[in-house]
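Engineer: Okay, here's the structure, questions in a sec.
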Amino acid sequence: MQARRPSASAESSSGSSPRGVLADRLDVFDELCDPGVTNHAAAPQARDGVESIKRVIGISRAAMPDQRWTNQIMVADDEYVVVRAVRESTWCAESFRGGCVNPSWPQ
């Protein structure tokens, strides 16, 4: 697996998510990620490959349109990158990880 260096369009600013992601430009992942990337936070059927990452982020954006990410820790060593981040958002979808969201919760 070969590490990729992000372009100016994919740089982070002030510890937040890359600008391309914030602007709903999922194509930035084609440049940022190796084709064999694994998203360990995703469901097993959606972990492998750039297209899976883009699909998961698209679903996440639809469920939480106001989400904000703050990178807490980012470690890069050769071809490996690990990020620990905090996400804040309002959940707008009808279910969460297969379970029904309580209809009495405020919208």
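The values are calculated or read from the model by the stated rules, or taken from the named source; none is laboratory data. Bear in mind that the values here come from a model prediction, so they are computed numbers and not experimental data. For neighbour counting, all protein chains shown are included, and Cβ atoms are generated from backbone atoms with ideal geometry for every residue, glycine included.
Engineer: Considering (1) modelled with pLDDT of 65 or more; (2) not in a helix (DSSP H, G or I), say which one Trp105 fails and leave the rest.
Structural biologist: (1)
Engineer: Within the set of pairs 6+ apart or on separate chains, which have a first residue in the stretch 56-85 that is farther than 22 Å from Ala46 by Cβ and touching a residue at least 24 places away in the same chain (Cβ under 8 Å), a second that is polar (S, T, N, Q) and surrounded by 10 or more Cβ atoms within 10 Å (Cβ to Cβ), and C-beta atoms under 6 Å apart?
Structural biologist: Final answer for the pair search is Asp66/Ser89; Asp66/Thr90.
Engineer: Separate question: Within the stretch 75-85, is there a residue that is at pLDDT 85 or above and part of a loop (DSSP other than H, G, I, E, B)?
Structural biologist: Taking every residue of the stretch 75-85 in turn, at least one turns out to be at pLDDT 85 or above and part of a loop (DSSP other than H, G, I, E, B).
Engineer: Right, here's the next one. What number of residues in the stretch 59-76 are closer than 15 Å to Glu94 by Cβ and touching a Cys at 6+ places or on another chain (Cβ under 9 Å)?
Structural biologist: Residues that pass the stated criteria total 4.
Engineer: From Ala76, Ala85, which residue is out of contact with any strand residue (DSSP E or B) (no Cβ under 7 Å at 6 or more places or on another chain) and farther than 18 Å from Asp30 by Cα? Please lay out each step first, then the result.
Structural biologist: Details: Ala85 fails: out of contact with any strand residue (DSSP E or B) (no Cβ under 7 Å at 6 or more places or on another chain).
Just a single option satisfies the conditions, and that option is Ala76.
Engineer: Where in the stretch 1-65 are there helices (runs of 4 or more DSSP H), lying wholly inside it, with at least 2 residues that are modelled with pLDDT of 85 or more and small (Gly, Ala, Ser)? Step through it out loud before you land on a result.
Structural biologist: Values: elements: 19-22, 28-32, 50-63.
So the answer is 50-63.
Engineer: Output the residues belonging to the stretch 41-57 that are under 20 Å from Arg84 (Cα atoms), under 11 Å from the mean Cα position of the chain (by Cα) and not hydrophobic (A, V, I, L, M, F, W, C).
Structural biologist: Ser52, Lys54
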